[in-house]
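The values are calculated or read from the model by the stated rules, or taken from the named source; none is laboratory data. Only a predicted model underlies this, so the values are computations on that prediction, with no experimental measurement involved. All Cβ positions, even for glycine, are placed from backbone atoms using ideal geometry, and neighbour counts span all protein chains on display.
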Amino acid sequence: VVTGQTILLHCEQGFGDSIQLIRYAPVVQALGMRVAVFCPPPLKRLFATVRGIDHLASASQELPPCHYQAPLMSLPYLLGSTLASIPRNTPYLFSEEAKKEYFRGLLAPIVGLKVGLAWSGNPRHVNDRNRSMDPEMMARLCAIPTINFIPLQKELSAREWAIFSKNANFFDFCRQLEDFADTAALISQLDLVICVDTAVAHLAGAMDKPGWVLLPKIADWRWLLDRDDSPWYPSLRVFRQSDDGDWHSVISQVMSALLSMY
């Protein structure tokens, strides 16, 4: 590390990966380097809230001269992170005040607990067949009439709308979500997030928002094995399939947990 020189940190793979590992920006800055970050446009407004970034660029925007570069996904290795030394600096992502007030106004008429839902991620993900669930399965939660449910999907298909809209405790604000900064502002107004392994899980954890992550039997590396917590995100609780493809038992566990807590 050369004090005062600039390193470019760039995103790779999925949005969730970048949200998880942008936590290392202040760690790198604390080593004495200037930190430039290049990210996809849907993450730019969100990453503008991260402490430890000296220059943030996206798309065709110009970057400053840089002495070094590293993908975000390589930083745990380059910095020698272990389970014990993962930066537990949550929250490290925040919602914009104006957007927070906007969603507070939208949700004000909804009386009672508000729970965000995300049942699917990027369909192009290599493991999407296992990590996403059928919306009818997630819609079982709407049978709890004392809890309000709000989708955190980018958009709802006609089938998804037909499944969820028949529930009086389901409120759709997807059209107000243009990027992850908007999603963060909506999450800031919720009591709990329930989701599969998608970027929404990382966003809730990075904001230190209570979240329940529903995982397939063979889960991604970052969720480890045989534990219901996450060393990356103290605010998250993990629910795992016991049998491959069995979302029924997972949703039953989640319903029981909701009824016992709320």
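If you take the residues in region 48-64 that are surrounded by 14 or more Cβ atoms within 10 Å (Cβ to Cβ) and among the polar types (S, T, N, Q), which one is farthest from Phe180 (Cα to Cα)?
Just the residues of region 48-64 that are surrounded by 14 or more Cβ atoms within 10 Å (Cβ to Cβ), to begin with: 48-50, 52-58, 63.
This time we only want the ones that are among the polar types (S, T, N, Q), so: 49, 58.
On the way: Thr49: 12, Ser58: 14 Å.
It comes out as Ser58.
The residue pairs whose first member lies in region 39-67 and is on the phi < 0 side of the Ramachandran plot, whose second member is among the acidic types (Asp, Glu) and part of a loop (DSSP other than H, G, I, E, B), and whose beta carbons are closer than 8 Å, counting only pairs six or more residues apart or on different chains, are Pro41/Asp179; Pro42/Asp179; Leu43/Asp179; Lys44/Asp179; Arg45/Glu96; Arg45/Asp179; Leu46/Asp179; Thr49/Glu96.
Filter region 175-202 down to residues that are assigned to a helix (DSSP H, G or I) and over 25 Å from Val50 (Cβ atoms), then give me how many there are.
Initial filter on region 175-202 (assigned to a helix (DSSP H, G or I)): 175-176, 180-187, 199-202.
Checking which are over 25 Å from Val50 (Cβ atoms) leaves us with 175.
So the answer is 1.
Remark: pairs (first residue in region 23-36, touching a residue at least 60 places away in the same chain (Cβ under 8 Å); second residue buried (at least 18 other Cβ atoms within 10 Å of the Cβ) and in a helix (DSSP H, G or I); Cβ separation under 6 Å; 6+ apart in sequence or on different chains) = Tyr24/Leu75.
Condition check ((1) modelled with pLDDT under 95; (2) farther than 30 Å from Ile22 by Cβ; (3) not small (Gly, Ala, Ser)) across all residues:
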position	(1), (2), (3)
Trp223	no, no, yes
Asp229	no, no, yes
Ser235	no, no, no
Arg240	no, no, yes
Asp246	no, yes, yes
Ser249	no, yes, no
Met255	no, yes, yes
Met261	yes, yes, yes
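Condition test on Ala162, is it in contact (Cβ under 8 Å) with a residue 24 or more places away in the chain, of a type in the set (Gly, Ala, Ser) and not in a loop (DSSP other than H, G, I, E, B)? No.
So is Ala139 free of Cβ contacts under 8 Å to residues at least 60 places away in the same chain, part of a helix (DSSP H, G or I) and exposed (fewer than 14 other Cβ atoms within 10 Å of the Cβ) or not? Answer is no for this residue. Restricting attention to region 203-231, the residues that are over 13 Å from the mean Cα position of the chain (by Cα), of a type outside the set (Gly, Ala, Ser) and either outside any strand (DSSP E or B) or loosely packed, with under 13 Cβ neighbours inside 10 Å (or both) add up to 14.
Which of the following residues is surrounded by fewer than 16 Cβ atoms within 10 Å (Cβ to Cβ) and either assigned by TED's automatic domain parsing to the domain that holds Pro210 or modelled with pLDDT under 95 (or both): Asn130, Asn122, Asn148, Asn169?
Only one candidate passes the filter, namely Asn122.
How many residues does region 77-110 contain that are free of Cβ contacts under 8 Å to residues at least 12 places away in the same chain and in a loop (DSSP other than H, G, I, E, B)?
The initial filter retains those residues of region 77-110 that are free of Cβ contacts under 8 Å to residues at least 12 places away in the same chain, namely 77-78, 80-82, 84-85, 97-98, 101, 105, 108-109.
When the remaining residues are screened for being in a loop (DSSP other than H, G, I, E, B), the result is 80-82, 84-85, 108-109.
Qualifying residue count, region 77-110: 7.
If you take the residues of region 142-159 that are aliphatic (A, V, I, L, M) and in a helix (DSSP H, G or I), which of them is farthest from Ala98 (Cα to Cα)? If you could, list the steps in order and put the result at the bottom.
Keep residues of region 142-159 that are aliphatic (A, V, I, L, M), which gives 143-144, 147, 150, 152, 156, 158.
Those left that are additionally in a helix (DSSP H, G or I): 143, 158.
Details: Ala143: 33, Ala158: 31 Å.
Within region 142-159, the match that is farthest from Ala98 (Cα to Cα) is Ala143.
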